[in-house]
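Colleague: Questions regarding the structure given below will be posed in turn.
Just so you know, all these numbers are worked out from the coordinates, no wet-lab data involved. Every value quoted in this text rests on a predicted model; they were computed, and no experiment measured them.
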């Protein structure tokens with residue numbers, strides 16, 4: 001549940017970044033296994049969540065729970081994995097949805 005909420009909160013931004021990265025043919029792309037290895041070796045990041053975008057691209061969030069660094073990647077069907085965003089201060093949240101029921 002925690003991971004779903006995080007992916008949903010970043011989903012819209014990640015999709016916009018993914019579309020931009022795909023159209024720009026970004027040079028921050030490589031084979032998926034190489035990207036995963038590099039994020040683990042260099043930043044201590046592991047996959048925290050993932051989801052499927054409307055265009056069948058796989059969106060993944062990698063993060064280090066020790067240092068707080070994070071990276072969002074997009075892998076298009078049959079294509080390389082591209083870095084689309086990164087930053088610091090990663091947090092795992094478990095926020096409930098707001099109550100939208102009418103008052104009694």
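Colleague: Run the numbers for residue 89 and residue 104: contour at 0.36 nm per residue of separation, minus the present Cα-Cα distance, in nm.
Modeller: Gain on stretching residue 89 to residue 104: 1.4 nm.
Colleague: Here's another thing I want to ask about it. Please say if segment 25-81 is rounded, prolate or oblate, where rounded means a/c under 1.5 for a ≥ b ≥ c the square roots of the C-alpha gyration tensor eigenvalues, and otherwise the choice is prolate for a/b larger than b/c and oblate otherwise?
Modeller: Cα axes put segment 25-81 in the oblate bin.
Colleague: I would also like to ask the following. Cα gyration tensor of segment 57-104, axes a ≥ b ≥ c as square roots of the eigenvalues: rounded (a/c below 1.5), prolate (a/b > b/c) or oblate?
Modeller: Oblate shape, in that a/c is at least 1.5 and b/c is the bigger or equal ratio.
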